[in-house]
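The values are calculated or read from the model by the stated rules, or taken from the named source; none is laboratory data. The shown structure was predicted, so the numbers you read here are calculated from the model rather than taken from an experiment. As a convention, Cβ positions derive from the backbone with ideal geometry for all residues, glycine included, and neighbour counts pool all protein chains shown. Heads up: the accessible areas ignore ligands, DNA and RNA and are worked out on the full protein's heavy atoms, side chains in. Shrake-Rupley method; radii C 1.70, N 1.55, O 1.52, S 1.80 Å.
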Amino acid sequence: MEIALHQQFEKQRLQGVIDQAGDLQELKDLAKQLVELYFKQKAATAWAVDQATS
């Protein structure tokens, strides 16, 4: 599966934020945001699959 171009740019931007972070709290906050997004994506995927199979 390929990542769309705009997603590749966003991924690079976030990787840059991580690379530039010098504060542990900043990294923790970013990690929490990424976990939140991960689970929202899982929920959206499950909903889409449920809609497609119902």
Quiz item: In nm, to one decimal, how far is the modelled label at GLN33 from the one at HIS6, with both set 7 Å along Cα→Cβ?
Solution: 1.8
Quiz item: Averaged per residue, what accessible surface does the chain expose to a 1.4 Å probe, in Å²?
Solution: 93
Quiz prompt | ³J(HN,Hα), Karplus 6.51/-1.76/1.60, whole Hz, each residue of the stretch 4-13, x for Gly, Pro | solution = 4, 4, 5, 6, 5, 5, 5, 4, 5, 4
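Roughly speaking, what is the stretch gain from ASP50 to ILE18, that is 0.36 nm per residue apart minus the C-alpha to C-alpha distance, in nm to one decimal?
8.0 nm
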Quiz prompt | Total charge dipole magnitude, the chain, about the Cα centre, Cβ charges on Lys, Arg, Asp, Glu only, Debye to nearest 20 | solution = 120
Self-check item: Helical mean residue ellipticity (222 nm; -39500 (n - 2.57) per DSSP H run of 4+; nearest 500) of the chain
Solution: -30000 deg cm²/dmol
Self-check item: Under Karplus coefficients 6.51, -1.76 and 1.60, residue-wise ³J(HN,Hα) of the stretch 19-36 in Hz, glycine/proline x
Solution: 4, 8, 5, x, 10, 4, 5, 4, 5, 5, 4, 5, 4, 5, 4, 5, 5, 4
Quiz prompt | Where the Cα pairs of the chain fall when distances are cut into 10 Å bins, in % | solution = 21, 36, 29, 11, 2
